[in-house]
Amino acid sequence: MILNGFKFCLPYVDFKFKTQESDRVLIFVLLRRKIKPQNQLNHMKMHHFWRIVDRVIYESDILLEVIDARMPKLTRNKKVENKIRRKRKFLILVINKSDLITRKMRMNFLREFESEEVVFVSCKDRTGIFALKEMIFKLAKKRRYGNYIKVGVIGYPNTGKSSVINVLIGFKEVAKTSPIAGLTRGVQWIRGKGNIMFLDTPGVIPLDEKDEAEQALMSVIDPDKLENPDLAAMKIIQLFLDNNRRSLEKFYGVKVETDDASEILLEIGRKKNFLWKGGKIDEGRTALMIIRDWQKGDLLLLVE
């Protein structure tokens, strides 16, 4: 592939994973061997994703790991970071959506990540973008690269990887963005201003290692597809108990007087009058409402 006179060697990848004829043949073979097809297909996808991660690390000079500021531990992947360090590549932790967290949370994260290269950014109001650019060029000066500084952008789906690239480049929709996880379908080099190139990828860190409650928290699974929405809702409630319960109280008009997430779930259901016949609280309906409020961005941690 040649772009603007610069030659790139890109791997062929297919992120669609549609169940086409070849997949049906594979499933048939697996059934004949008495192997669970879904488990085997998931294993194949995991292997494929990790091959892409390795390739992105190899192709890049500097790696940006985009992390959701609301849940940095959940959206950070130490395995990927260790791979990057073993290859002696520079790594910057980009804490995105920083406009959605409190000042206290930000200070706690800085203490936790004090030994790392960390930048807080908000693609919505473009804060922190200049600092991120400065850090990229600062690290690039430590080593002599070729004509271009190649920056790989990795992270879980819905952390805002494409949005980060768009604000760094300064153009709208160069890398397509969407609230739907997985919109970025393939690996693509995107030229920025000056001598910088960005390698945009799909949500290259596989989600199979996350349980469905964590996937709901990360907004990468439809609430209606959850087997246990109450567990996912309680995980969201716990996030507020740990960081900013006042925001939860204000949003749902309840008084949080316990640290028991299940009791708070019932209180919210009672406040919303989500009741079965006989007056029993509809926990499932309440849980789905909380998850949707979180995923749509209506339920925020930000209230001070």
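One table, with the values for the structure above:
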item: Charge sum, other residues only, whose C-beta stays under 14 Å from LYS271's C-beta, Lys/Arg counted +1 and Asp/Glu -1; result: -2
item: Cross-link pairs LYS89/LYS138; LYS235/LYS296; LYS79/LYS104; LYS78/LYS142; LYS73/LYS141; LYS255/LYS296 - those with Cα-Cα distance over 19 Å; result: LYS79/LYS104; LYS78/LYS142; LYS73/LYS141; LYS255/LYS296
item: Relative contact order computed over the stretch 207-304 (Cα-Cα under 8 Å; 6+ residues apart), in percent; result: 33
item: Amide H partners (placed H, <5 Å) of PHE90, local residues excluded; result: LEU63
item: Ranked LYS150, LYS271, criterion: other C-beta atoms within 10 Å, fewest first; result: LYS271, LYS150
item: For ILE281, distant residues with modelled amide H under 5 Å away; result: TRP276
item: Over the stretch 54-200 - Rg/Rh using Cα atoms and the Kirkwood inverse-distance radius; result: 0.93
item: Eligible aspartates and glutamates near LYS150 by straight Cα distance, threshold 17 Å, same-chain separation 8 or greater; result: ASP54, GLU59, ASP61, GLU65, GLU134, ASP200
item: Whole-Å distance, taken between Cα centres, linking the stretch 251-294 and the stretch 98-160; result: 37
item: Computed lengthening from ASP224 to ARG285, 0.36 nm per intervening residue step minus Cα-Cα distance; result: 20.9 nm
item: Fewest-first sequence of ARG103, ARG270, ARG76 by Cβ atoms within 10 Å of each Cβ; result: ARG103, ARG270, ARG76
item: PHE120 long-range amide H proximity, modeled H, under 5 Å; result: ILE95
item: Segment LYS271-LYS250, extension gain: residue separation times 0.36 nm, minus the distance between their alpha carbons; result: 6.3 nm
item: Cβ-Cβ FRET estimate between ALA131 and LYS73, R0 fixed at 30 Å, reported to 0.05; result: 0.85
item: R0 of 45 Å, Cβ-Cβ distance LEU231-LYS87: FRET efficiency to nearest 0.05; result: 0.75
item: Order of LEU239, LEU168 under a 10 Å beta carbon neighbour criterion, fewest first; result: LEU239, LEU168
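Read-outs: derived from the displayed coordinates by stated rules, not from any lab. The structure presented is a predicted model; accordingly, all values stated were derived computationally and were not measured. Here Cβ is always computed from backbone atoms with ideal geometry, including for glycine, and neighbour counts include all displayed protein chains.
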